[in-house]
Amino acid sequence: MNILILGSGGREHAFAWKLAQSPLCDTLFVAPGNAGTAQVATNLPISYNDFPAVAQAIRDKEINLLIVGPEEPLVKGIVDFLRKQPDLVSLGIVGPDAQGAQLEGSKDFSKQFMLRYGIPTAASQTFTVDTLQEGLNYLEKHALPIVIKADGLAAGKGVIIAETVAEAQTAMRDMLDGQKFGAAGSKVVVEQFLRGIELSVFVLTDGVNYKILPEAKDYKRIGEGDTGPNTGGMGAVSPVVFASKSFLQKVEDKVVKPTLAGLQQEGINYQGFIFVGLMKVNGEPYVIEYNARMGDPETEVVLPRIQSDFAELMQATATGELDKLTVQVSPQTAVTTMLVSGGYPGDYVTGKIISDLERLEDVMAFHAGTLEKNGHVLTNGGRVLAITAQANSLENAVRKSQEAARIVQFDGKQYRKDIGLDLIRYSD
Ligand code: AMP
Ligand code: GLY
């Protein structure tokens, strides 16, 4: 089978690395990819938002299976576009259509969906520019802190946790009146603040059957001790010590099953990943958000733990045959530490030479933002490399990942030195 992956981050390198190990995978392409994906696949210089170019590549390379990595093309309807091509009817696709991707593309849609199907989530209210005054009044009466969310895709920057009424009102005005997030902020969801501990659960569904993949914890803030601005993710750990068997059973019964039943009820044929962002509050799961894709850097710890043939799992997702497979998971702990460019998540420079990658042993360096030029691997993004280690204990996996993070060099390199330490210390 010929496979094409869309995307250019650490998630896509992890997909490519895993798929390349499968005897079912004949040729593997990544569009546009990075210097890491080039080691295991052929990169195609195509933007994943250029749908006609993607369709043409699928024809030219005789692709049988497409895996869409990032949310943007999904929300923009790449699956709907490809489904309309009469000569591509036999193409298998992992990724939901635009309607399914609304689970991530609209916070208001996903909130209403959760309410319709009794899925536990924070209490909320939605406001638009027409109800701005009502919204501002509402904020005056609400308990603090309070969470203000832009409705649409905002690259992880559309969520404000306000500690004061003034801050909350400014955030709401910026989004609704000031168009801070453009169309993504034309609706604002105001949400009760949940106090708890966060984790992510990943579901793979073929539209009817589903598999729950290993859970993970992400470290979103730039600074140690979870301080400073949010990033795309500075590291991740899987498994998560506080996700006990009984807690994960609650997630399956109270969140996963009603989510899939709801999608079917609404006539949404969802074939792909559902990333459920959860808060564990007093032992109970609450959904913070859905994403219509895998997480990054969560994929860089989830995939190394999956022992089953990943190409077979992807194919079965696209053909509705997930019920025929089981997912074998390694009991080892995986930890990834993200190396980022100086200045990230603010302004940063790219094009710095990355050295000492060849000195790494017994870890995987998944490329997140890199580019190969004149025989050098260069930095090409805010997040540069995700260094994943696996070991029999969390302590050892943390140590191996951190040691490797120290070895790789590039000008301005930054990384968090506390990935996983909270979990080593964690007690219920
Ligand atoms: P989201 O983009 O919805 O995942 O929100 C980004 C981050 O904001 C989440 O990962 C949480 O850390 C935090 N967050 C979002 N909603 C809430 C909430 N209702 N209560 C507490 N924290 C939240
Ligand atoms: N690491 C968070 C995300 O992929 O959305």
Practice task
Run the accessible area of the chain with a 1.4 Å probe and give the carbon-and-sulfur part as a rounded percent.
Solution key: 48
Handout entry: Environment charge at GLN99 (Cβ cut-off 10 Å; Lys +1, Arg +1, Asp -1, Glu -1)
Key = -3
Problem - Estimated D of segment 122-177 in µm² per second, where Rh is the Kirkwood radius over Cα pairs and Stokes-Einstein applies at 4 °C, 1.567 mPa s - result: 114
Handout entry: Overall Cα dimensions of segment 1-70, principal axis frame, Å, largest first
Key = 29, 23, 17
Handout entry: Probe 1.4 Å, protein heavy atoms only - accessible area per residue of the chain in square angstrom
Key = 41
Handout entry: Distant alpha-carbon pairs in segment 143-293 (separation over 28 angstrom), percent
Key = 27
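Grab the other residues whose beta carbon is less than 10 angstrom from that of VAL189, score K and R as +1, D and E as -1, and report the net.
On the way: positive: LYS107, LYS111, LYS149, LYS187; negative: ASP108, ASP151, GLU191.
Net of charged neighbours comes to +1.
Of LYS18/LYS417; LYS324/LYS417; LYS84/LYS157; LYS245/LYS324, which ones are farther than 30 Å apart at the Cα?
Flagged as over cut-off: LYS324/LYS417; LYS84/LYS157.
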Completion exercise
With +1 at each Lys and Arg Cβ and -1 at each Asp and Glu Cβ, the charge dipole magnitude of the chain around its Cα centre, to the nearest 20 debye, comes out at 360
Handout entry: Convex hull of segment 215-358 built on C-alpha atoms - directionally averaged projected area, nm²
Key = 11.8
Problem - Per residue, the convex hull volume that the Cα atoms of segment 241-289 enclose (Å³) - result: 82
Handout entry: Spherically averaged projected area of segment 287-428 from its Cα convex hull (nm²)
Key = 11.3
Fill in the blank from the handout: With only helices counted (DSSP H, runs n ≥ 4, each -39500 (n - 2.57)), the per-residue ellipticity at 222 nm for the chain, to the nearest 500, works out to -8000 deg cm²/dmol
Handout entry: Listed peptides 271-278, 403-410 by packing density, highest first (mean Cβ within 10 Å)
Key = 271-278, 403-410
Problem - Translational D in µm²/s for segment 45-189 (Stokes-Einstein at 4 °C, 1.567 mPa s, Kirkwood Rh from C-alpha pairs) - result: 75
Practice task
Averaging over all projection directions, find the projected area of the Cα convex hull of the chain and quote it in nm² with one decimal place.
Solution key: 20.0
Exercise for the section: Work out the P(r) tail for segment 320-393: percent of alpha carbon pairs separated by more than 16 Å, whole number. Expected result: 61
Practice task
Name the shape class, rounded, prolate or oblate, that the alpha-carbon gyration tensor gives for segment 191-266, where a ≥ b ≥ c are the square roots of its eigenvalues, rounded holds for a/c under 1.5, and otherwise prolate holds if a/b is larger than b/c and oblate otherwise.
Solution key: prolate
Handout entry: For segment 104-263: relative contact order, % (alpha-carbon pairs under 8 angstrom, 6 or more apart)
Key = 22
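The values are calculated or read from the model by the stated rules, or taken from the named source; none is laboratory data. Everything quoted here is computed from the prediction, not taken from an experiment. Glycine also receives a Cβ, built like all others from the backbone with ideal geometry; neighbour counts cover every protein chain displayed. The area values use the complete protein model at the heavy-atom level, side chains included, leaving out ligands, DNA and RNA. Shrake-Rupley method; radii C 1.70, N 1.55, O 1.52, S 1.80 Å.
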